[in-house]
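Shown next, in structure tokens, is the structure this report addresses.
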Amino acid sequence: MVELIRRSGSRVSASVIREARIRELDSRWLDSAGAALPRRYQGKYVAVKNRRIVAASPTMRGLYRKLDDLGTGMVLIAKVERPVLVVYAELY
Amino acid sequence: MRSFTRGWTRQRTETGTVDRPVLDLLFREENGYNLYAFIVDSGADISLAPRDLGDRLGVDWSKGRKARLSGISPRPECSVEGRIHTVKTVVPALALELKLSVCFAEGDAPYLIGRETFFDQFRVSFDKPHRKTTFTLTR
């Protein structure tokens, strides 16, 4: 039974939460696979479902376009950073 | 007290590999829901995401609070524009829906969770030796 704490006034169904938790397994897969991913994914946004990268693009707009064409349903979306150390950005 | 622990993600760098703390957040978009892997950045004042995500959430980007982001280079041409909005998101691990202030930036921004609003709702404990983060609700 999924318990939902409501703090923002709207409702998310238990089935959506259950599916999100399944997609979290894809996130765990990406955690461990990240360093071994082919170089072609570096610097790209990727969509993962069932431990498989189903779409990738250098832009989010491009990734959304691919996902809409594929009709994948809920996916995990992540950015595979370029192989650099990430340090700092200023906002003003 | 409600809390959960999330392992870190490993990515390649020029000098080897680096482990980064992440958290998966669920967003309701125009065509359904997607889960996003955000890097948890306690040094960031506010959360950050690409503008395209805001568009998918139905946010009117231009109506947000204006912000500019720059990296190490102070040159104006190296900065990008952003707009700050408050959006709803869900932490699936707790089935918790909350409001989050996010700066939606032009270009290929990373997904970052910064301190504003999120760190008011969670105590965040980083455990680098064990590559995990514990999130505990503050109330």
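Quick check on segment B:38-56: of everything there that is out of contact with any Phe, Trp or Tyr (no Cβ under 6 Å at 6 or more places or on another chain) and over 18 Å from B:T117 (Cα atoms), which residue is farthest from the other protein chains (Cβ to nearest Cβ)? Result: B:D55.
Identify the residue in segment A:68-80 that is within 13 Å of the chain's Cα centre (by Cα) and within 8 Å of chain B (Cβ to nearest Cβ) and, among all such residues, is surrounded by the fewest Cβ atoms within 10 Å (Cβ to Cβ). Looking at the filtered set, the residue picked out is A:G73. Only one entry in B:R12, B:R20 is more than 21 Å from B:R115 (Cβ to Cβ), of a type outside the set (S, T, N, Q) and assigned to a strand (DSSP E or B), namely B:R12. Scanning segment B:23-33 for residues that are touching a residue at least 40 places away in the same chain (Cβ under 8 Å) and either more than 9 Å from chain A (Cβ to nearest Cβ) or among the hydrophobic types (A, V, I, L, M, F, W, C) (or both) yields a count of 4.
Just so you know, all these numbers are worked out from the coordinates, no wet-lab data involved. Here the structure is a predicted model, which is why all the values come from computation and not from measurement. A quick note on method: Cβ atoms are made from the backbone with ideal geometry, for glycine too, and the neighbour counts reach across all protein chains shown.
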